[in-house]
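Peer 1: Got a structure for you, questions after.
Computed from the coordinates by the stated procedures, all read-outs in this text should not be read as laboratory data. Just so it is clear, the structure is predicted and the values come from calculations on it, not from any experiment. With ideal geometry, Cβ positions are generated from the backbone for all residues, glycine too; neighbour counts draw on all protein chains shown.
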Amino acid sequence: MTAELTEFRAEVAAWLRDNNPADPGFLLPQTFMEVGSERILDFLREWQHKVWSAGYLGMAWPEKYGGRGLSPIYQTIADEEMRRLQVPICFNVIGLGWAGPLILDIGSDYEKEKYLKGILNAEDIWCQGFSEPNHGSDLGAIQTRAERDGDAYVVNGSKIWTTMGNYAKYMILLARTDTQAERRYNGLSFFLAPMDADGISTAPIKKLTGEYGFTETFFTDARIPVDCIMGEEGQGWRIAMKTLQYERGAETGAAGGIQILSIMMEDLLRMAQDMERDGQPLLKDPVTRDNLVKFLIEEKSVYLAQQRADIPALCADYPNSLQLSSKLRSTEFFRRMRQYALNLQGAQGSLYVGDDQAIDGGFWQRAYLNNFSTTIGGGTSQVQANIVGEHVLGLPKD
């Protein structure tokens, strides 16, 4: 690493230490999918705006849209320091990581001018309208309709698992504009839809953790301006698949910031060091030590695979294999690691946040339950395995 980048890393770390907000006195989200109250929203909105104002968010995005126009390596370093120092998340993830990069890549100048800066400075919250009740990960089965009526599309239907739908200003919306298309994928269109349109309402969904963050979104003769369509009618499937590439980490371009609190093996080892079993330190148990070492090796492999993916010569045998498998490998690893943390706690593993006897205040229980949203969102682990099988290994669909 050059002296300039080393100096920049020290600069970021110093700023984060000086500006890391104090404990607000309420439980902060571990992921962007748990923003369930106005006070949490206000806290995180202020934090993201502060990070952006300091110049550490959207560093690789063009200056005229609120970025700094620098090499992506600067954002990578800033993100690494945010994770290392455990600062709060940058919550506007659907804008920062999915909608924003998509607009930068294929959006019109008008769309870039209208949307991008508001994503970075946290003024405009974005949500995603892909999944529907009864259809799960099968986006080709979408039933929400968008019918052209003069200068607007009239939308009817519903979406499920809409993260921050009750707070969002805009939605990336996939809807059916042609019910007669020969192939069901050809009848879909993609919209950058305003959430304040008449006929759009949301209902909160309570999670396993007891927290909120998801909503169901209902469209009842909602009128969406024609200029909200991205691309042309019938191009929605292609644009949605590109969006999912960002969501799954197979495409770069995200503005940066941390979207999920990093819970690493270092944290698990810290917990294990303080525990005893049968009157002996837990780390003296050879089976426990063996399992922890296996998790350490796997964690390191996940990290190294991310680095390897940026070096084409190391991926020549199966191009894009690491990018396409990244979500499956990482989310399943963290699920198993957090589950093992609960196993180590024995009977106390059944306790939860709010119980005085819960280890670390129920931190690991909450983390384990929250991890299920990452193994489902953006395509379930089963869907991700199919993607790897078909697009990397060349296995037949049947």
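Peer 1: Go through the range 218-233 residue by residue and turn each phi into a ³J(HN,Hα) via Karplus (6.51, -1.76, 1.60, θ = phi - 60°); whole Hz please, and just put x for glycine and proline.
Peer 2: After applying 6.51 cos²θ - 1.76 cosθ + 1.60, I find 10, 10, 10, 6, 6, 9, 10, x, 4, 6, 7, 6, 9, x, 10, 4 Hz.
Peer 1: Return the lysines within reach of residue 117: Cα separation strictly under 24 angstrom, same-chain partners fewer than 8 residues apart disregarded; answer none if there are no such residues.
Peer 2: Output for residue 117: 50, 64, 169, 242.
Peer 1: If you take the Cα atoms of the chain, find Rg, then find the Kirkwood Rh from the mean of 1/r over all pairs, what is Rg/Rh?
Peer 2: Values: Rg = 21.9 Å, Rh = 22.5 Å.
Answer for the chain: 0.97.
Peer 1: Extending each Cα 7 Å along its Cβ direction at residue 184 and residue 232, get the distance between those two points in nm, one decimal.
Peer 2: 2.5 nm
Peer 1: Given +1 on the Cβ of Lys and Arg, -1 on the Cβ of Asp and Glu, and no further charges, what dipole in debye does the chain carry about its Cα centre, rounded to the nearest 20?
Peer 2: Details: 39 positive and 53 negative charges, 126 e Å.
For this selection, approximately 600 debye.
Peer 1: Select from 362, 325, 32 the residue farthest towards the positive end of the dipole of the chain; place +1 on Cβ of Lys and Arg, -1 on Cβ of Asp and Glu, and compute about the Cα centre.
Peer 2: 325
Peer 1: If neighbour count is taken as other Cβ atoms inside 10 Å, put 340, 185 in order from fewest to most. Before the final figure, lay out the partial values.
Peer 2: Values: 340 19, 185 16.
The most exposed by this proxy come first: 185, 340.
Peer 1: Beyond 23 Å, what share of the Cα-Cα pairs of the range 127-247 is found? Please give it as a whole percent. Write down the numbers at each step before the final one.
Peer 2: Working: 1728 of 7260 pairs.
Everything past 23 Å amounts to 24 percent.
Peer 1: Separate question: Can you compute the modelled spin-label distance between residue 148 and residue 289, with each label point 7 Å from Cα toward Cβ, in nm?
Peer 2: 7.1 nm
Peer 1: Also: What is the calculated FRET efficiency for residue 10 to residue 105, with r their C-beta to C-beta distance and R₀ = 45 Å, to the nearest 0.05?
Peer 2: After rounding to 0.05, the efficiency reads 0.90.
Peer 1: In whole Å, how far is the Cα centre of the range 225-245 from that of the range 132-211?
Peer 2: Comparing the Cα centres of the range 225-245 and the range 132-211, I get a distance of 12 Å.
Peer 1: Could I ask something else about it? At 222 nm, what value in deg cm²/dmol follows for the chain if DSSP H runs of at least 4 each add -39500 (n - 2.57) and the sum is divided by all its residues, to the nearest 500?
Peer 2: Working: 11 runs with 158 residues, N = 398.
About -13000 deg cm²/dmol.
Peer 1: Give me the angle, in degrees from 0 to 90, between the Cα long axis of helix 381-391 and the longest principal axis of the Cα atoms of the chain, rounded to the nearest 10.
Peer 2: The answer is roughly 70 degrees.
Peer 1: Still on this structure: I'd like the orientation of helix 3-19 relative to the chain: the angle between its Cα long axis and the longest Cα principal axis, in ° from 0 to 90, rounded to 10.
Peer 2: 90 degrees
Peer 1: So, with +1 on the Cβ of K and R and -1 on the Cβ of D and E, and no other charges, what is the size of the charge dipole of the range 265-391 about its Cα centre, to the nearest 20 debye? Don't skip to the answer; put the middle values down first.
Peer 2: Numbers: 13 positive and 16 negative charges, 51 e Å.
Using Cβ point charges on Lys, Arg, Asp and Glu, the range 265-391 gives about 240 debye.
Peer 1: So if the hydrodynamic radius of the range 326-398 is defined as the Kirkwood radius over C-alpha pairs, what does Stokes-Einstein give as its diffusion coefficient at 10 °C and 1.306 mPa s, in µm² per second?
Peer 2: Working: Rh = 13.7 Å.
Once the numbers are plugged in, D ends up at 116 µm²/s.
Peer 1: Continuing with the same structure: Size of the dipole of the range 54-138 about the Cα centre, Lys and Arg at +1 and Asp and Glu at -1 on the beta carbon, nothing else charged, in debye to 20? Kindly include the intermediate steps, with their values, before the conclusion.
Peer 2: On the way: 7 positive and 12 negative charges, 60 e Å.
Charge dipole of the range 54-138: 280 debye, to the nearest 20.
Peer 1: List the lysines whose Cα sits under 17 Å from the Cα of residue 294, skipping any in the same chain fewer than 8 residues away.
Peer 2: 284
Peer 1: How much length is gained on full extension from residue 17 to residue 391, taking 0.36 nm per residue of separation minus their Cα-Cα distance?
Peer 2: Working: separation 374, 0.36 × 374 = 134.64 nm, distance 4.33 nm.
The span from residue 17 to residue 391 would gain 130.3 nm if fully extended.
Peer 1: Another question about this same structure. Just going by the charge dipole of the range 115-268, with Lys and Arg at +1 and Asp and Glu at -1 on Cβ, which of 141, 240, 167 is farthest out on the positive end?
Peer 2: Selected residue: 141.
Peer 1: Something else about it: Across the range 265-391, how large is the tail of the calculated P(r) beyond 21 Å, expressed as a percent of all Cα pairs? Before the final figure, lay out each step's value.
Peer 2: Numbers: 4039 of 8001 pairs.
Value for the range 265-391: 50 percent of Cα pairs lie more than 21 Å apart.
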